[in-house]
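> Below you'll find the structure I mean.
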Amino acid sequence: MKPWIKPLFFLLCLSPMGWIVGNALWGDLGANPVETVTFQTGDWALRLLLLTLALSPLRRITGWSGWIRLRRMAGLFVYFYASSHFLIWFLADHALDPVSMWDDVTERPYIALGFSAWLLLAPLAITSTNGWIRRLGRRWKLLHRLVYPILALAVLHYLWLVKADYLLAGIHATLAALLLLWRVPGFGSLRSAWRVQPG
Amino acid sequence: MRVIKIRKASDCREQDVTPEAIYRQRRAFMKGSMLGAGLLLGSSPLQAALNITGYREKVVTVDEEITPFKDATRYNNFYEFGTGKSDPARNAGEFDTSDWKVTVSGECAKPGVLSLEDLIDNKDLEERIYRLRCVEAWSMVIPWIGVPLATLLKRFEPTSKAKYVAFRTLVDPERMPGQKRAVLDWPYREGLRIDEAMHPLTLIAVGMYGKPMPNQNGAPLRLVVPWKYGFKSIKSIVAIEFTEQQPQTTWNMQNPREYGFYSNVNPKVSHPRWSQARERRIGEFFKRKTLMFNGYEDEVASLYAGMDLKKYF
């Protein structure tokens, strides 16, 4: 893999936060900046989660194994945006009051879903180091299958908060469904059909 | 302390009248902010011909900071022009409201089809600074210009069978591009009980911030019911009907569990998506407490005496 690929990927993943911070400092986040930041960080957490899960199909389709070496960084950025999403909500909506926050979690199912997704991401982020991969061995793979329920929770969290216009949430949900279907064992023949034949 | 003061224009005290220097400064600011807005607000041929100058200032006011004009005109829920908050400002610029007609029908002695100029008498125009509380838990303070709905409705001589008033927004997907998708069951419909409609706080607004109503805020005429969630204040009205039965209302049709016919602002009745106990005032970072009936409890609570507001939400 070319040495500039990882730094470039890092900058690409960071650019949505760059947009947020840049607009907060020198630009304009709109009439409701808190809402803008909440929506942007939530959107990007989900989009990067979809990207993380698209990397192994991408390897299969393109035959380039470099995609997989971007997966840890992409996953950590998911946690970065999901945590920013949680923090702006906890700070601006609940003034860092854990009781007020917990009431919101227990009263509103869509918040409970998103909150659970964020909690489940933590062990994955912590065990993403080489040391933990070695230490956990086979169990590491098992643990990191949590990413599938996390994706389901995140998509439901999004769908459930829509008032009427399901277009954007529906696009994300469709992509998520495709990425999950790809991993169903019966779809093996479909996957090999995609494989690039060595020339 | 009563925050809302309903006064006759003749009761206007000296300190209520804006000093001319400040007034002119505001006008200059408005002009400045309009340079970018182009057609939206200038006296363009696309706009209804109603002259809104000469209104009585601050007939009802509130002791809170007015939301900047810029925010009130770029953060709108008006699905007829798109479901994003900035879509209406982007898509409503070309909306032609000249030659606007409003059909008044139903249980009344004098139904008719009226032009905006026939419907609104300039002499009745008042400025009213109201809180606006959206069901999505954000709020603004907006200086509307309009006439009390009661004044307007009485001309049609509603009969004793007129128990409700129903309103409808224009349907015209060519002019309202958001209607090309069936996001809601068009036309947008709203309704009030007749006593709510006749309440002195209920307003038909034709302008705001001293200007004709911007398209994205519901030009050329819209309802303003300050003690109810914002979606009750239907925009770009083309039909008013007096009915005996409770009319269908759009968000109630969309999701009856979440949006009631009354939809009075009530911090004690929780919504499945948004806690209604608090709200974010546009321009503020933290949330503030939501007031019962959006702070208009003294004026309107009697309308609902004896009603279970958890059941009739």
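> For B:ASP172, state whether it is at pLDDT below 95 and more than 14 Å from the chain's Cα centre (by Cα).
Spelling it out, it is not the case that B:ASP172 is at pLDDT below 95 and more than 14 Å from the chain's Cα centre (by Cα).
> Which condition does B:TYR229 not pass, out of (1) within 14 Å of chain A (Cβ to nearest Cβ); (2) surrounded by fewer than 23 Cβ atoms within 10 Å (Cβ to Cβ), if it passes all the others?
Here B:TYR229 meets the rest and fails (2).
> Sticking with this structure for a sec: Step by step: first the residues of segment B:138-175, then only those that are under 27 Å from A:LEU168 (Cα atoms) and more than 14 Å from chain A (Cβ to nearest Cβ), then the one that is surrounded by the most Cβ atoms within 10 Å (Cβ to Cβ). Which residue is that?
Filtering first and then ranking leaves B:THR169.
> Return the residue satisfying two criteria in turn: it lies in segment B:47-68 and is of a type in the set (D, E, K, R) and in a loop (DSSP other than H, G, I, E, B), and of such residues it is farthest from the other protein chains (Cβ to nearest Cβ).
B:ASP63
> Here's another thing I want to ask about it. May I ask you to verify whether B:ASN217 is within 24 Å of B:MET292 (Cβ to Cβ) and within 14 Å of chain A (Cβ to nearest Cβ)?
no
> What's the number of the condition B:ASP121 fails, among (1) within 19 Å of the chain's Cα centre (by Cα); (2) modelled with pLDDT of 95 or more?
(2)
> While we're on this one: From the list A:ALA92, A:ALA54, A:ALA117, A:ALA74, which residue is under 21 Å from the mean Cα position of the chain (by Cα), surrounded by 16 or more Cβ atoms within 10 Å (Cβ to Cβ) and closer than 24 Å to B:PRO272 by Cα?
Only one candidate passes the filter, namely A:ALA117.
> Please specify each residue of segment A:76-98 satisfying the condition of being farther than 17 Å from A:ASP43 by Cβ and more than 13 Å from chain B (Cβ to nearest Cβ).
A:LEU76, A:PRO98
> Can you work out which of the residues in segment B:275-305 that are surrounded by 20 or more Cβ atoms within 10 Å (Cβ to Cβ), on the phi < 0 side of the Ramachandran plot and among the hydrophobic types (A, V, I, L, M, F, W, C) is farthest from the other protein chains (Cβ to nearest Cβ)?
Here the residue is B:VAL300.
> Give the residue that is nearest to the other protein chains (Cβ to nearest Cβ), with candidates limited to residues of segment B:188-200 that are in a loop (DSSP other than H, G, I, E, B) and surrounded by 20 or more Cβ atoms within 10 Å (Cβ to Cβ).
Step by step, filter segment B:188-200, then rank; the result is B:TYR188.
> Just checking, does segment A:114-128 include any residue being within 14 Å of chain B (Cβ to nearest Cβ), part of a helix (DSSP H, G or I) and either among the β-branched types (Val, Ile, Thr) or in contact with a helix residue (DSSP H, G or I) (Cβ under 9 Å, 6 or more places away or on another chain) (or both)?
Yes, segment A:114-128 contains at least one residue that is within 14 Å of chain B (Cβ to nearest Cβ), part of a helix (DSSP H, G or I) and either among the β-branched types (Val, Ile, Thr) or in contact with a helix residue (DSSP H, G or I) (Cβ under 9 Å, 6 or more places away or on another chain) (or both).
> Further question: Under 19 Å from the mean Cα position of the chain (by Cα) and within 14 Å of another protein chain (Cβ to nearest Cβ): does that describe B:TRP100?
No; evaluated as a whole, the condition is false for this residue.
> Given the conditions (1) outside any helix (DSSP H, G or I); (2) more than 10 Å from chain A (Cβ to nearest Cβ); (3) under 21 Å from the mean Cα position of the chain (by Cα), and given that B:ASN252 satisfies all but one, which numbered condition is not satisfied?
Answer for B:ASN252: the failing condition is (1).
> Of the residues B:GLY210, B:GLY178, which is at positive phi, modelled with pLDDT of 95 or more and surrounded by fewer than 23 Cβ atoms within 10 Å (Cβ to Cβ)?
Selected residue: B:GLY210, the only one of B:GLY210, B:GLY178 that is at positive phi, modelled with pLDDT of 95 or more and surrounded by fewer than 23 Cβ atoms within 10 Å (Cβ to Cβ).
The values are calculated or read from the model by the stated rules, or taken from the named source; none is laboratory data. In this text, all values refer to a predicted model and were calculated from it rather than measured experimentally. Note that we place each Cβ from the backbone using ideal geometry, even for glycine, and neighbour counts take in every protein chain shown.
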